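In what follows, a single structure is set out as structure tokens and then discussed.
Values in this text are rule-based calculations from the coordinates and carry no lab data. A quick note: this is a predicted structure, and the numbers were derived from the prediction, not measured. We place every Cβ from the backbone using ideal geometry, glycine too, and count neighbours over all the protein chains shown.
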Amino acid sequence: MRAASKAKQKAPAAERKRTGLDQQELERLFRDFKRTSDPRLRERLIKMHLNLVRFLARKFANRGEPVDDLIQVGNIGLINAVDRFDPERGIRFATYATPTIVGEIKRYFRDRGWAIKVPRRLQEVNLAANKAVDQLVQRFDRSPTVAEIAQEIGSTEEETLEAIELGQMYELISLDSDAGQPEDESHTVLADYIGEDDVILDEIGTRSSLVDGLKRLPERERKILELRFFRNMSQTDVARTLSISQMHVSRLQQKALSRLREIVRGEQ
């Protein structure tokens, strides 16, 4: 009781130190803003409580995000709190605003944690669905259906299913994750099991050699290979195009292929 009494005595002093006004004066400003929606009063009330945002944002320091960014996010919560605060409810503004500011900062961390950009609505449905699953498992003593989860959280089955599936994107597994057993000394990683050689990449060098080899063939032999293998013409059509016999086309083709093969092998 004595500690609670001391806390009540400190609250007005802390309020005056933070805002420059005592509790009664602050409540009067909020009542005036509630009545008039004066943008100048709104701006003044926001500026008076920026120190509260800084104080709360620093509690989340050393979590991988710059404090200045957290302050900016907390300011959004402060603005929302100023707009929604009702001085007639009989609570101090700092008491009302703190959960709103902290909630905005926590949502920021939650958004940053997702591996892909997911709409805020689906993030919220995902969190609600996860909580509902735990409750429904205890209630039914079995895994709930999507329809039961959707009914529990007041959402559609389609939205609930989408949110649950997107929940798997919250933290993707790294390809460098250890995939072996603790006693395994091979130190294998996930990429060792799902990766494969890029055949197309291996063929790049060969294709480059072929292009270079074709340029080094005599014109007629190069022309025959182009017509046969790039335009898919038959030997008869090639013979007609070049005004030579089909037998001659066949001999020149074999000669060109042999010469091209030697060129490619010599460059490997």
Length gained if Arg54 through Asn232 is fully extended, taking 0.36 nm per residue and subtracting the Cα-Cα distance, is 56.8 nm
proj_area_mean for the stretch 199-267 (convex hull on C-alpha atoms), units nm², value 4.7 nm²
Taking R0 as 35 Å and r as the Cβ-Cβ distance between Ala61 and Ile91, the FRET efficiency 1/(1 + (r/R0)^6), rounded to the nearest 0.05, comes to 0.80
Here the gain from full extension of Val137 to Thr36, 0.36 nm per residue of separation minus their alpha-carbon distance, amounts to 31.3 nm
